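The values are calculated or read from the model by the stated rules, or taken from the named source; none is laboratory data. This is a predicted model, so every value here is computed, not measured. In this analysis, Cβ positions are derived from the backbone assuming ideal geometry, glycine residues included, and neighbour counts consider all displayed protein chains.
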Amino acid sequence: MSAVKIVEALLGDVAITALIGNRAALVQLKQNPIYPALVYSFPAETPLRNLAGDKPERMDTTVQINPLAKTIDEVIAIHAAVRSVFEMGAGTVAGQKVVGIERDFIGGFSKDNALGLWTQPVDYEIQHYE
């Protein structure tokens, strides 16, 4: 899935790593993580069929970004950094052609009282070619 390559490359941007280091993980963080951190997942992917049947196939992939931090302000800062990197427009990322990336859904804040961590899911739609 080329969307994984795209997201991994974007999350490696200095604007994001300055806040979370290398603590971004697909679906689940490693055991005993250091915070703040970020978890991402891909809840949906839709192929957009081309009438001419051209290859490569264009895809719309949803990526959900979930920062995990001790304060809401840290969550907001991480989301601001992600948004600044993700809303790049068209181009090539990690060798993959990206048509565009748009913020799609913003969920509410929630707190895990046992861990003392805040999060807020935000979905982005990545339009790209496989």
Has region 83-98 got any residue that is at pLDDT 95 or above and surrounded by fewer than 12 Cβ atoms within 10 Å (Cβ to Cβ)?
no
State which residue is nearest to residue 96 (Cα to Cα) when the search covers only region 1-23 and only residues that are assigned to a helix (DSSP H, G or I) and without any contact (Cβ under 8 Å) to a residue 12 or more places away in the chain.
14
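Quick one: how many residues across region 91-130 are of a type in the set (Ser, Thr, Tyr) and within 13 Å of residue 65 (Cα to Cα)?
Initial filter on region 91-130 (of a type in the set (Ser, Thr, Tyr)): 92, 110, 119, 124, 129.
Add one more test, that the residue is within 13 Å of residue 65 (Cα to Cα), and what stays is 119, 124.
So the answer is 2.
Taking region 89-113 as the region of interest, how many residues are among the hydrophobic types (A, V, I, L, M, F, W, C) and more than 12 Å from residue 128 (Cβ to Cβ)?
Here is the first cut: in region 89-113, the residues among the hydrophobic types (A, V, I, L, M, F, W, C) are 90, 93-94, 98-99, 101, 105-106, 109.
Of the ones still in play, those that are also more than 12 Å from residue 128 (Cβ to Cβ) are 105-106, 109.
The qualifying residues number 3.
For residues in region 35-53 being of a type in the set (A, V, I, L, M) and modelled with pLDDT of 95 or more, which is surrounded by the most Cβ atoms within 10 Å (Cβ to Cβ)? Walk me through how you get there before you give the answer.
Taking region 35-53 and keeping what is of a type in the set (A, V, I, L, M), we get 37-39, 44, 48, 51-52.
Now drop any that are not modelled with pLDDT of 95 or more, which leaves 37-39.
Details: 37: 21, 38: 25, 39: 19.
Top of the filtered list is 38.
Any residue at all in region 66-73 that's in a loop (DSSP other than H, G, I, E, B) and touching a residue at least 60 places away in the same chain (Cβ under 8 Å)? Steps first, answer last, please.
First pass over region 66-73, keeping only residues in a loop (DSSP other than H, G, I, E, B): 70-71.
Remaining after also requiring touching a residue at least 60 places away in the same chain (Cβ under 8 Å): none.
No, that holds for no residue.
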Just name the residue that is nearest to residue 85 (Cα to Cα) out of those in region 5-22 that are touching a strand residue (DSSP E or B) at 6+ places or on another chain (Cβ under 7 Å) and either small (Gly, Ala, Ser) or surrounded by fewer than 19 Cβ atoms within 10 Å (Cβ to Cβ) (or both).
9
